[in-house]
Protein chains: 2
Amino acid sequence: MSLSAFAYKCIKDKLRTGRFPGGTMLSETTLAREIGASRTPVREAIAQLEREGLLDQIPRHGTFVRVMDRDEIEELYDLRATLEGFAAAQAARHITPAVVYKLRNHCRGMMDLVREVRRLGPKASIGAGLAQRWVANDASFHTTIIHAAANRWLTKVTEDMRLMAQTFGLCRNLPDNNPLATLRRTWREHCRLLGALAAHDERAARELVIAHILTGKESLLAYCDWADKHRGEHAGLDEPRRRHLQSLDRYARITRGRKR
Amino acid sequence: MSLSAFAYKCIKDKLRTGRFPGGTMLSETTLAREIGASRTPVREAIAQLEREGLLDQIPRHGTFVRVMDRDEIEELYDLRATLEGFAAAQAARHITPAVVYKLRNHCRGMMDLVREVRRLGPKASIGAGLAQRWVANDASFHTTIIHAAANRWLTKVTEDMRLMAQTFGLCRNLPDNNPLATLRRTWREHCRLLGALAAHDERAARELVIAHILTGKESLLAYCDWADKHRGEHAGLDEPRRRHLQSLDRYARITRGRKR
DNA sequence: ATAACGCATCTTGTATACAAGACTGCCATC
DNA sequence: GATGGCAGTCTTGTATACAAGATGCGTTAT
């Protein structure tokens, strides 16, 4: 594997796991040192991530982790709904028994998760392990459908969108106060979608997916609003946090002076 | 402007105008010499064009101008139909009188084109100038609608798709044996779409755009089939053509050995 | 004649040096 | 005290040198 690819994976991982929160400034030199390569491959990785919409490179100023405002999140989810709706319709047309079987297994896996969460009690918050399995199952379900649509361009574009949703993704630390209900709803919607796909019902498949994703959008936006309202309550001023706020400020200043 | 951006524009232009036909091998060194820069900016430009789907870079072998097979063209147009359909629906929701006015001007411009072509007589082939104006008008019409949708991610993705369609774009040298009819049809469809948009009729706008693009797909595929059938009839073996065939061969050999 | 080997030359991948813009903080000046 | 300039140090942008894989062709051995 090339160093560029390695650097790309490194940075993307840190982005996905929240090690580099929005607004963080990334220095090519520093990253190169951390990764153990020269600036060249790091630069290529950064360029690619910028093209994918995860970073924002401002000439001669620096590259920053993009932050999405509320409108942008809404736009992203609207587009995702359209794309995955199309994917579902195409999948319904082309689907094979093997894929149906695979999707059914995913649904079964999610049912198991529901059972485990139910056993924890109605108010218990789910642990990191369960949350991770949940996210992985959900992602895999959607990805399977996208691939079943058998449209290479669609696959590429949609994967990009999913990555962004996941990265900015606020889903990761979504503090759901009723995970059992959310999980059951997700499971139910997946099952219904599976039914439509197996029956080759293009219209139903499209509409179910669109509704599914728009539901996700609503809950994410609700979380955004909640987070906005409770902003600034973290008065803990440890060093890295302070530095992050500083870089975020710089980013805001530069982009404001530039784009407006 | 940075040299990278300049190199990007240079290469893209040559790609769009058909100077680099599908299968051509691009050498970083050679391009750098031509552009008058070092390999670094050229490399960045190539990387970006690869991400956009116009080039195909094969590690340690070279980078080639992508060629699309029939299926891929079909997939591209299907996706474009979905994306631009969504754009039209959103545009119908958000559209302002100013945008309607702009679109009306475009329609008027196309009507002028129709008149000019009609004056040429029913069987005359249209010249390069007219063709260029036609393509520009069409592109601008669609782009205006996409922007009116007010979804930044959609704009980005769709522009990429349009660029590809245009580049591979076979539209450029589509030998239409009845340009007047095609032009009139295009004009009529644009007018009808404009009506739906002005009336804020989301459903009609979406369906009209989808039909419009799928019609384009059909005529392009028909041309592909025609070109396939008449392949190999160009027995003229001038030096550049020969070199191109050679590079195309190499490309085919490598990708075949690699992907299959 | 044919197959295999090796070298010259192509390709990209990576490291590094240097240039130049942009920010920061200090110091001198008003 | 406020303000303007200036150097040091950050950032990215570009050129270039070198490494290493891939290719093609000529030579040689069978």
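The values are calculated or read from the model by the stated rules, or taken from the named source; none is laboratory data. Just so it is clear, the model here is predicted, and its values are computed rather than measured. Every residue, glycine as well, gets a Cβ built from its backbone with ideal geometry; the counts of neighbours run over all protein chains shown. Ligands, DNA and RNA are excluded from the accessible area calculation, which covers all protein heavy atoms including side chains. Shrake-Rupley method; radii C 1.70, N 1.55, O 1.52, S 1.80 Å.
Brief remarks follow.
- Exposure of residue A:184 as accessible area (Å², to 10), given a probe of 1.4 Å and all protein chains: 100 Å²
- A Förster distance of 56 Å, applied to the separation of the beta-carbon atoms of residue B:181 and residue A:166, puts the FRET efficiency at 0.70.
- Pairs from the table (B:9/B:102; A:12/A:229; B:9/B:156; A:9/A:102) lying more than 21 angstrom apart at Cα are B:9/B:102; A:12/A:229; A:9/A:102.
- Chains B and A together bury roughly 2500 Å² of accessible surface, counting both sides and using a 1.4 Å probe on protein heavy atoms.
- Overall form of the stretch A:70-229 per C-alpha gyration tensor (a/c, 1.5; a/b vs b/c): oblate
- Distance-filtered residues of the stretch B:1-32 - backbone nitrogen under 17 Å, label point 7 angstrom along residue B:39 Cα→Cβ: B:4, B:26-32
- The accessible-area loss of the stretch B:139-169 on complex formation, taken against its chain alone with a 1.4 Å probe, reaches 30 Å² or more at B:151, B:152, B:153, B:156, B:157.
- Other-copy label distances relative to residue A:62, 7 angstrom Cα-Cβ extension, nm: 4.3
- Distances between copies at residue A:228, taken between label points 7 Å from Cα along the C-beta direction, are 5.2 nm in increasing order.
- Sequence-distant residues sharing a close amide H with residue B:26 (under 5 Å, placed H): B:63, B:64, B:65
- Legend: Rg and Dmax of the protein assembly as shown, from Cα coordinates, 25.2, 80 Å.
- Of all the options B:26, B:221, B:245, the one that moves most in a Gaussian network model of chain B with Cα springs shorter than 10 angstrom is B:245.
- With the cut-off at under 20 Å, measuring from each backbone N in the stretch B:1-26 to a point 7 Å along the Cα-to-Cβ line of residue A:156 picks out B:8-26.
- Taking the protein heavy atoms of chain A in the context of the full set of protein chains, the accessible area attributed to carbon and sulfur is 52 percent at 1.4 Å.
- On the basis of the beta-carbon distance and an R0 of 45 Å, residue B:135 and residue A:119 show a calculated FRET efficiency of 0.10.
- Here the stretch A:81-105 is scanned for amide nitrogen atoms under 20 Å from the site 7 Å beyond the Cα of residue B:224 along Cα-to-Cβ, giving A:87, A:90-91, A:93-94.
- Size estimate for the stretch B:1-67 follows the Kirkwood approach: the inverse of mean 1/r over distinct Cα pairs works out to 11.6 Å.
- Under a Gaussian network description of chain B, with springs only between Cα atoms under 10 Å, the residue in B:225, B:160, B:78 that fluctuates furthest is B:225.
- Degrees separating the helix A:202-229 axis from the principal Cα axis of chain A, which is the longest one: 40 degrees
- Listed residues B:205, B:88, B:37, most fluctuating in chain B (Gaussian network, C-alpha, under 10 Å): B:37
- Label distances, nm, residue B:125 versus same residue in remaining copies, Cβ-directed 7 Å point: 7.2
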